[in-house]
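S.K.: A single structure is presented below for examination.
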Amino acid sequence: MIEHSHVDDINVLMKRRREELEELKKFNINPYPYEFSRTDFSSDILASFSDDAPKRNVAIAGRIMSLRRMGKASFCHIQDSKGKIQVYLKKDDVGEIYDAFKLLDIGDIIGVNGFIFRTKMGEVSVHAESFSVLSKSLRPLPIVKEKVDEQGNTVTFDEFSDKELRYRQRYVDLIVNPHVREVFFKRAQIVKTIRNFLDAQGFLEVETPVLQPLYGGAFARPFITHHNALDTQLYLRIADELYLKRLLVGGIDGVYEISKDFRNEGMDRNHNPEFTMMEVYVPYKDYVWMMKMVEKMFAEVALAINGSLKCNVDDKEINLSAPFQRLTMFDSIEKYTGKNLRGKNENELRAIAKELQVEVDKIASSGTIIDSIFSEKVQQHLIQPTFITDYPVEMSPLAKRHRTEEGLVERFELFINAQEVCNAFSELNDPLDQRSRFEEQMKQRERGDVEAQVLDEDFLRAMEFGMPPAAGLGMGIDRLTMLLTNQHSIRDVVLFPHMKPEK
């Protein structure tokens, strides 16, 4: 709860800033001009400065983050997208406009033309020959302050550290916590590296519908909307899979999409209702080939982002060197619970779940029970990269049946730091088997499983024209970013995560 005195202080400061805004106009200053010709950035200036080099003129722009006025001279630090640099302003150099500088505050954005020099205190700075007001800030920033107490301890206060407030006001978070920007710069580099890797394989990047007349490709509840002109119900996609497979039918040799997907489900540190997925489908390959491709792709991304195949996550060192560990789902459950679930019927699985103190819903199918046991008893142990392979057919209605083991499919999920990062199949391309699987899913829906997949007649029609054998992969960009930037919540790698409405 915000104390009234603090709110009152904020209101006083906002009132004062509006008064300053009017005073600036009396100096014939437009506090919101149209442009400024910036030629330099803070970090580049600091990196290239040499005391022996001749004077160099620069034009910089950024937000005032500290301010120190001393009569006819002033110092301030301005922050741009690459860092901070000190600016020295002297009335004799900038002229009468210097008197307007007293109307500026921390948070205002200015442009400065001048030359680089080193101060008597040794700090590389810009000596202003002119400055421009580029944006007058009407709200005070929550600038971190420090003071030394009587015991000599440094005390920090006014930190902008409240997680919920940082997520809601990401624009402020990015200003006062510059390290946050690095996460999103790295996220952009991750996407770029994945795209370059897939393009180098000769795969085609495509776009498929976000609004779909029928949803599919995952176990999830959709968001529902209405198209007025067509007077029809539409769904925001929960996955791209069924449309990308249609393109394999159409004869495209390898397709991928990096896209937003939407699932109307719970929110926690690993789940946001809107998230970014990369899905790729490659004809004439299988899930064994896809495992090797994933290892190569992860290595390339890790090297591009961190310069190493090792990364620190939650005080653990993760090694992304190939080959990753491989365990079948049943073997992993037996390893960590001592229970062999092979061949067990639904009643037997329920009894084992009860013995292991794993709660399962009364409508849960055999596959759902196995998945619940795995999630609660195995997943927490999968810290180093591990492919969990060969899932029960009930859990994977779009995967090809295992070539040697009855009742299983050729599927893997990659787990790192106890999180699922990607999911892949040898893709089912038998239209009759696919129809049977969809029909079984519809029976699960009738039992009350609202996340069971729906029967898609158009997708089945496409498969009846013939789809080549293929390997497919879905990978969560958000979770991969969490891993490679050592972030603990998906909200820390999404610029504007969904939140409860403000009161």
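The values are calculated or read from the model by the stated rules, or taken from the named source; none is laboratory data. If you're wondering where the values come from, they're calculated on a predicted model, not measured in any experiment. A quick note on method: Cβ atoms are made from the backbone with ideal geometry, for glycine too, and the neighbour counts reach across all protein chains shown.
S.K.: Mind telling me which of the residues E502, E457, E451 ends up being without any contact (Cβ under 8 Å) to a residue 40 or more places away in the chain and either within 30 Å of V183 (Cβ to Cβ) or out of contact with any helix residue (DSSP H, G or I) (no Cβ under 6 Å at 6 or more places or on another chain) (or both)?
M.R.: Every option except E457 fails the conditions.
S.K.: Only one of (1) outside any loop (DSSP other than H, G, I, E, B); (2) within 25 Å of E182 (Cβ to Cβ) is not met by Y98, so which one is it?
M.R.: (2)
S.K.: Restricting region 316-348 to residues that are in a loop (DSSP other than H, G, I, E, B) and surrounded by fewer than 12 Cβ atoms within 10 Å (Cβ to Cβ), which is nearest to the chain's Cα centre (by Cα)?
M.R.: Result: P323.
S.K.: Could you check region 369-413 and list, in sequence order, the residues that are part of a helix (DSSP H, G or I) and either basic (K, R) or under 21 Å from S426 (Cα atoms) (or both)?
M.R.: I370, D371, K377, V393, E394, M395
S.K.: While we're looking at this one, here's another question. Pairs needed: first member in region 194-211, without any contact (Cβ under 8 Å) to a residue 40 or more places away in the chain; second member anywhere, in a helix (DSSP H, G or I); C-beta distance under 8 Å; at least 6 residues apart or different chains.
M.R.: From residues that are without any contact (Cβ under 8 Å) to a residue 40 or more places away in the chain, the pairs are P209/Y243.
S.K.: What are the residues in region 217-226 that are modelled with pLDDT under 95 and either out of contact with any Lys or Arg (no Cβ under 9 Å at 6 or more places or on another chain) or not assigned by TED's automatic domain parsing to the domain that holds A399 (or both), if any?
M.R.: Answer for region 217-226, where residues must be modelled with pLDDT under 95 and either out of contact with any Lys or Arg (no Cβ under 9 Å at 6 or more places or on another chain) or not assigned by TED's automatic domain parsing to the domain that holds A399 (or both): just F219.
S.K.: Being within 18 Å of I238 (Cα to Cα), assigned to a strand (DSSP E or B), touching a Phe, Trp or Tyr at 6+ places or on another chain (Cβ under 9 Å) and in the same structural domain as Q189 (by TED's automatic domain parsing) is true for just one of F438, F425. Which residue is that?
M.R.: Answer to the selection: F425.
S.K.: Being out of contact with any Leu (no Cβ under 8 Å at 6 or more places or on another chain) and loosely packed, with under 13 Cβ neighbours inside 10 Å is the filter here, so list the residues in region 299-315 that pass it.
M.R.: Once the filter is applied, which keeps residues that are out of contact with any Leu (no Cβ under 8 Å at 6 or more places or on another chain) and loosely packed, with under 13 Cβ neighbours inside 10 Å, region 299-315 yields G307, S308, N312, D314, D315.
S.K.: Report yes if some residue within region 86-93 is part of a helix (DSSP H, G or I), among the acidic types (D, E) and either surrounded by 18 or more Cβ atoms within 10 Å (Cβ to Cβ) or over 41 Å from the mean Cα position of the chain (by Cα) (or both); otherwise report no.
M.R.: Yes, there is a match, as at least one residue in region 86-93 is part of a helix (DSSP H, G or I), among the acidic types (D, E) and either surrounded by 18 or more Cβ atoms within 10 Å (Cβ to Cβ) or over 41 Å from the mean Cα position of the chain (by Cα) (or both).
S.K.: Just to be sure I understand, how many residues within region 166-181 are without any contact (Cβ under 8 Å) to a residue 24 or more places away in the chain and either surrounded by fewer than 13 Cβ atoms within 10 Å (Cβ to Cβ) or touching a Ser or Thr at 6+ places or on another chain (Cβ under 8 Å) (or both)?
M.R.: Matching residues across region 166-181 total 2.
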